[in-house]
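The values are calculated or read from the model by the stated rules, or taken from the named source; none is laboratory data. Everything numeric here is computed off the predicted structure, so don't read it as measured data. As a convention, Cβ positions derive from the backbone with ideal geometry for all residues, glycine included, and neighbour counts pool all protein chains shown.
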Amino acid sequence: MLNTRERYEQAKEMYKRVGIDTDVALEALKQIPISMHCWQGDDVSGFEGDVDLSGGIQATGNYPGKARTPQELMQDIDKAFSLIPGHHRMNLHANYAIFEDGIADRNELEPKHFAKWVEFAKKRGLGLDFNPTFFSHPIAETATLSSEDEEIRAFWIEHGKRCLKIAEYFATELGKPCLMNIWIPDGYKDIPADRTAPRARLKDSLDQIIAAEYDKEKVMVAVESKVFGIGMESYTVGSHEFYMNYAAKNDLLCLLDNGHYHPTEMVSDKISSMLLFSPKVALHVTRPVRWDSDHIVLFDDETREIAKEIIRHGSEKVLLGLDFFDASVNRVAAWIIGMRNTQKALLQALLTPHEKLASLQEERQLTELLMLQEELKLYPIGDVWDYFCETNGVSGKEQWFEEVKQYEADVLAKRV
Ligand code: RNT
Ligand code: ZN
């Protein structure tokens, strides 16, 4: 049997015939950071004590071994990163603040509550991204930034401003810009009488948050829409049109989560339009299944199509993060599977002769285009992937799971 390098050399020859240099592809793949979401590690629980997950999102399942403390979560993140090739980023939520001298409410959060995360990131050379948490809180039950109650609205505006400071602190400390993404769950289960007033209040709240002083070189603010949530089936205040316009008018980034649109509406088809009008776009890559928008990312058609768009436009224009939470399987494995699948999709995109395919389209050689797109699907990407993993110090095939099983036995199973 051929070894990994020999298989790679063969694959390299095959890709060369369609004009692809696999060495160049692998170098490019190594440079694409994916922001790994901390919330897969503990079912979006955070460290504020006993609060239920709210906001129309749900993590179902109770697979043993969930991280319960910052130390456990960090240990699990380290394990996951040790089996994912390349250098990435971490995406934190405000409810993952680490309190050493008493709990601070969301409107009292300060950079010091994230000092431990900065220390963690610094040691590992990771960049950090951030999210204010507008859910899982007693006064987020009715509405947050769109609330008709001025006191509630003011509380959440203050939270947003505090988070801007924390995001700026991350960027300053780590010397890497931080993406701060705003998502709110506000909406109605049934048909609202007034669709405008809540949106007008959300607009005003966002205006107040971004009016706070912050360094725009360091913090990129994004806004994330959603078509519905559980219990918010008829109307969400932060709809796609709302945020797309808000971002365009205020020079913010639009964050597209591919679980947040109607089932036949594809984020892969939106990226090219967004990038004609904005220099950058942010993504939450996930997998919608029926009512849920947050299954583990697969190496499936839409993930691959999104990856092609990222590569065609230039990966520096797309801030790429993952967003799923599955509590029914080993959580560390969930991270690894989702991250590696996203990387495989990027690799396949890097191994695609885009110019050749585009010229077939321009010449209206559409039969040949279809044929070639389909033939390329069975090119030996697996041999290139294995080589990438091995040269980056992780196993290419399923052997990585042995280590996760061992970790489960040694560490996760003891968390009772
Ligand atoms: C929810 C949004 C949002 C959250 C995270 C936890 O539907 O996708 O991005 O998943 O903020
Ligand atoms: Zn999301």
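Things worth noting here:
A quick yes/no check of all residues on (1) modelled with pLDDT under 95; (2) under 21 Å from Asn62 (Cα atoms):
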| site | (1), (2) |
| --- | --- |
| Pro288 | no, yes |
| Ser293 | yes, yes |
| Lys317 | no, no |
| Leu346 | no, no |
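- Qualifying residue in segment 222-229 (condition: at pLDDT below 95 and either touching a Lys or Arg at 6+ places or on another chain (Cβ under 9 Å) or not β-branched (Val, Ile, Thr) (or both)): yes
- Residue list for segment 110-145, restricted to those being within 16 Å of ligand 1 (Cβ to nearest atom) and not aromatic (Phe, Trp, Tyr): Leu128, Asp129, Asn131, Pro132, Thr133, Ser136, His137, Ala140, Ala143, Thr144, Leu145
- Long-range neighbours under 6 Å by Cβ, at least six apart or interchain, first residue more than 12 Å from Cys163 (Cβ to Cβ) within segment 175-188, second assigned to a loop (DSSP other than H, G, I, E, B) and within 15 Å of ligand 2 (Cβ to nearest atom): Ile184/Phe134; Ile184/Gly238; Pro185/Gly55; Pro185/Gly56; Pro185/Phe135
- Residue in segment 208-236 that is surrounded by the fewest Cβ atoms within 10 Å (Cβ to Cβ), counting only those that are more than 17 Å from Leu179 (Cβ to Cβ) and within 16 Å of ligand 2 (Cβ to nearest atom): Ile230
- Residues of segment 105-129 that are exposed (fewer than 15 other Cβ atoms within 10 Å of the Cβ), closer than 20 Å to Gln75 by Cβ and in contact (Cβ under 8 Å) with a residue 24 or more places away in the chain: Lys122, Arg124, Gly125.
- Looking at Val281, Val267, Val297, Val289, just one residue is touching a His at 6+ places or on another chain (Cβ under 7 Å) and within 16 Å of ligand 2 (Cβ to nearest atom), and that residue is Val289.
- Conditions (1) assigned to a loop (DSSP other than H, G, I, E, B); (2) closer than 30 Å to Glu119 by Cβ: number failed by Gln58: (2)
- Failed item, numbered, when Gln361 is tested on (1) touching a residue at least 12 places away in the same chain (Cβ under 8 Å); (2) surrounded by fewer than 19 Cβ atoms within 10 Å (Cβ to Cβ); (3) part of a helix (DSSP H, G or I): (1)
- Selection of segment 306-326 for residues being away from ligand 1 (no atom under 16 Å from the Cβ) and of a type in the set (D, E, K, R) yields Lys308, Glu309, Arg312, Glu316, Lys317.
- Among (1) surrounded by 15 or more Cβ atoms within 10 Å (Cβ to Cβ); (2) of a type outside the set (D, E, K, R); (3) farther than 25 Å from Val221 by Cβ - the single one Gly102 does not satisfy: (1)
Conditions (1) among the charged types (D, E, K, R); (2) out of contact with any helix residue (DSSP H, G or I) (no Cβ under 9 Å at 6 or more places or on another chain); (3) modelled with pLDDT of 95 or more, marked per residue:
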site	(1), (2), (3)
Leu275	no, no, yes
Ser278	no, no, yes
Val297	no, no, yes
Leu320	no, no, yes
Val332	no, no, yes
Trp335	no, no, yes
Thr342	no, no, yes
Ser359	no, yes, yes
Glu362	yes, yes, yes
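- Subset of segment 177-208 [of a type in the set (A, V, I, L, M, F, W, C) and touching a strand residue (DSSP E or B) at 6+ places or on another chain (Cβ under 8 Å)]: Cys178, Leu179, Met180, Ile182, Trp183, Ile191, Leu206
- Restricting segment 237-261 to residues that are more than 17 Å from Phe134 (Cβ to Cβ) and in a loop (DSSP other than H, G, I, E, B), the residue that is farthest from ligand 2 (Cβ to nearest atom) is Asp251.
- Taken over segment 247-296, the residue count meeting the criterion of being surrounded by fewer than 21 Cβ atoms within 10 Å (Cβ to Cβ), within 23 Å of Tyr214 (Cβ to Cβ) and not basic (Lys, Arg) is 5.
- Residues being surrounded by fewer than 21 Cβ atoms within 10 Å (Cβ to Cβ) and more than 21 Å from Asp76 (Cα to Cα) - total across segment 310-344: 6
- Taken together, the residues in segment 253-297 that are under 12 Å from Leu322 (Cβ atoms), touching a Lys or Arg at 6+ places or on another chain (Cβ under 9 Å) and more than 11 Å from ligand 1 (Cβ to nearest atom) amount to 3.
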